[in-house]
Amino acid sequence: MARKEIKAIFNDGELNNINHNFEELYKGIGDVVGTITEETIKKIINTVKINWLDFVDVYEEIESTYPNPNEGDAVMAKSDSEGYPANDEDKRQGGTVWRFNGSKWDPIQSFDASAIVQAENRLDNKLSQHRNETNEKVEKVDKNINKLTEDNFFNQSFPWYFAHRGAKNIYQENTLLAYENCIKRGNRFIELDVQQTNDGALVVMHDDTMDRTTNGNWAIRGVSSNYISTKSIIDKVNGEHTQFGYAPQMIPFLVDVFTQFGRKTNYIIESKDRKSARKIVELAKQMRVQDYIMIQSFSLPDLEEIKDEGIKLMHLKNNATMTTFREMRQANIEYFGCNKSSTDDYIRTAVEEGFPPFVYTVNTRYERDRLLGLGVAGFFSDDPFYLAGSSGNRKSDTFREKVFTDGMISNHNEDRGRFNTSSLTPYTWGFPETNNTDDGRDFVLQGWAGELPDGFVVEIDFNYLGDYINGWATVVFCTPIDYFDDNKTDLSSGYHLSHTRAGNIILWKVDRGVATVLKEVRGEVERIEQPTTKRMRVTITPSHIRAESVTDDIVLTVEDSAFRNGYLHLGRRATAVTFSNCNID
């Protein structure tokens with residue numbers, strides 16, 4: 001029988017529990033025998049706590065079982081030795097405890113062997129109960145781990161909505177704060193861009209250089225991780241007051257992202273420099289989040305290098321061929337991504353080949369619905385909450401908070417306007433500078449209002465800042481889709497109420513990009529020369545539209561019901577104007 005030392009089998013907590021049980025065991029034995037002294041009990045207990053060894057059957061087995069004992073080791077023989085008793089001094093009785101004194105084994109005390117067996121059985125039962133309780137706790141932990149595994153994106157149904165760069169229309173792109181807000185709001189897929197510094201660190205940043213989004217400069221590949229750590233993500237237009245209402249943010253490294261969020265989310269990571277896939281995998285495995293990542297790259301060789309790592313892979317390509325799809329299968333690539341400008345036939349081919357694409361970058365619901373009809377699997381979106389329909393509707397703007405909210409999406413160009421910091425109109429959003437390019441038209445969806453009801457009233461302030469006599473500010477409403485560019489494409493339909501710097505109000509009806517004046521009222525005021533604010537109101541009933549400049553007390557009413565419900569937009573032509581106090585009833 002091998003030597004068993006309790007400390008080598010159990011941890012400290014279990015050992016304390018066992019020592020206590022041994023104490024109870026020997027006290028129980030003392031009650032049975034009735035002759036054991038308190039001093040002997042203490043001696044046995046102290047010995048057991050330190051050097052208790054497993055039982056042997058008879059005295060003669062002690063030396064063969066424990067050939068190299070330590071002083072203080074104690075062992076009990078359960079049964080009488082053969083030929084016991086040889087004489088009056090023979091102590092080889094079953095139930096005797098023997099202690100090694102440094103040179104030989106001395107008998108300490110003899111007990112009723114049946115009591116020993118009963119006490120041993122009670123101890124075994126207690127240990128068994130303890131192990132069962134421990135196993136139940138382990139099973140609960142396993143169930144929780146399994147629940148986390150079930151929550152990862154591999155088990156989610158399509159479509160998937162990727163928070164592109166951390167939902168960059170709403171939060172500062174590729175920041176920990178952006179990812180945190182996405183996770184808090186229930187988004188399960190944060191998309192981020194990763195590339196290497198000149199010392200091999202994996203930094204989270206989209207552009208090749210730091211110029212656009214940070215207070216640093218130089219190319220990422222040309223600077224060290226130490227330099228990155230000294231810089232922040234800021235808004236270059238508004239200085240240290242970012243367009244998103246947040247203070248400057250640290251530039252995160254991928255290890256920072258994994259450390260902060262662990263398995264709370266799923267990571268859609270682009271190897272932006274097309275050479276970092278291997279390092280991303282190594283870090284993910286080190287941080288134990290490999291089951292929660294998907295690596296995407298435009299470089300097939302970048303992905304082929306990690307094809308046997310058991311990681312979900314996505315190849316990004318806008319001109320894939322049948323050869324491309326075959327190579328993807330050979331590289332264990334399951335997912336495919338392409339631009340929303342891809343033709344319908346291109347997308348259908350990918351679907352037929354077993355690679356329903358994830359399309360970038362999709363922010364409007366009309367695009368979403370069209371693409372879902374073609375069979376796509378999901379979307380990269382700068383505004384995933386609005387796109388997925390999970391953001392809810394608001395009755396008033398958040399412009400005074402100086403934060404973009406869900407559904408503020410540019411139409412026709414990339415200019416979404418900005419929040420004005422001028423003392424004249426400090427709590428407004430819009431276009432503080434004139435636009436003399438491309439006939440100066442800008443429109444921005446106000447998707448926070450949701451789809452409009454059959455009847456409603458909208459009121460809003462137009463704050464004129466610049467002098468441009470041929471320009472106007474406008475509120476657009478009841479557009480059938482969440483896009484409006486006035487006359488650029490045949491996608492535009494709905495109404496828009498224009499207020500000109502000459503003091504006129506004009507109600508337009510736009511049908512597939514063709515505009516018709518429903519009614520125009522000329523104001524009896526001088527043209528606007530100085531910064532000023534005009535309060536506008538539009539009232540919609542099932543059959544009529546009433547539009548008015550509350551400030552100038554001019555009103556127009558028309559009967560028209562071609563468009564109802566739909567979406568709200570704000571825009572301008574050329575003139576510098578911002579908007580505020582927009583309310584919908």
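The values are calculated or read from the model by the stated rules, or taken from the named source; none is laboratory data. Since this is a predicted model, take the numbers as computed values, not measurements. Neighbour counts are summed over all protein chains in view; Cβ atoms, including those assigned to glycine, are modelled from backbone coordinates with ideal geometry. Protein only, heavy atoms only, side chains kept; ligands, DNA and RNA dropped before computing areas. Shrake-Rupley method; radii C 1.70, N 1.55, O 1.52, S 1.80 Å.
For the stretch 478-577, the set of trypsin sites (Lys or Arg not before Pro) satisfying both a DSSP loop assignment and a count of at most 16 other C-beta atoms within 10 Å is given as Lys488, Arg512, Arg522, Arg527.
Over the stretch 444-585, Cα pairs under 8 Å with separation of 6+ residues give a relative contact order of 40 percent. The P(r) of the stretch 378-427 has a tail past 17 Å containing 48 percent of all C-alpha pairs. Using the Cβ-Cβ distance between Asp369 and Glu433 with R0 set to 25 Å, the FRET efficiency works out to roughly 0.10. Taking every protein chain into account, the accessible area of the stretch 258-364 amounts to 44 square angstrom per residue (probe 1.4 Å).
Cross-link pairs exceeding 32 Å in C-alpha to C-alpha distance, out of Lys137/Lys307; Lys184/Lys395; Lys137/Lys264; Lys312/Lys395; Lys168/Lys488; Lys231/Lys340, comprise Lys137/Lys307; Lys312/Lys395; Lys231/Lys340.
Compactness of the stretch 157-309 is given as radius of gyration and Dmax, 14.9, 47 Å, from Cα positions.
In the stretch 294-435, Cα pairs under 8 Å separated by at least six residues give a relative contact order of 13 percent. Distance between the C-alpha centres of the stretch 518-585 and the stretch 177-214: 41 Å, rounded to the whole angstrom. For the stretch 65-113, the gyration tensor built on C-alpha atoms gives a prolate shape. Its axis ratio a/c (a ≥ b ≥ c) is at least 1.5, and a/b is the larger of a/b and b/c.
Peptides 156-167, 550-561: what's the order by average Cβ count within 10 Å, highest mean first? The partial results should precede the final answer.
Working: 156-167: 21.3, 550-561: 13.9.
Result, highest mean Cβ count within 10 Å first: 156-167, 550-561.
Subtracting the Cα-Cα distance from 0.36 nm times the residue separation, let me have the gained length for Gln286 to Thr209 in nm, one decimal.
Separation in residues times 0.36 nm, less the Cα-Cα distance, equals 24.9 nm.
In this structure, the amide hydrogen of Asn504, modeled 1.01 Å from its nitrogen in the peptide plane, lies closer than 5 angstrom to those of Gly523, counting only residues at least 5 positions away or on a different chain.
Normalised by 2.2 N^0.38 Å, where N is the number of residues, the alpha-carbon radius of gyration of the stretch 313-445 equals 1.37.
Using a probe of 1.4 angstrom and keeping all protein chains present, the accessible surface of the stretch 385-498 works out to 36 square angstrom per residue.
So, with a 1.4 angstrom probe, what is the percent of accessible area on the stretch 264-418 that is carbon and sulfur? Carbon-and-sulfur percentage of accessible area, whole number: 41.
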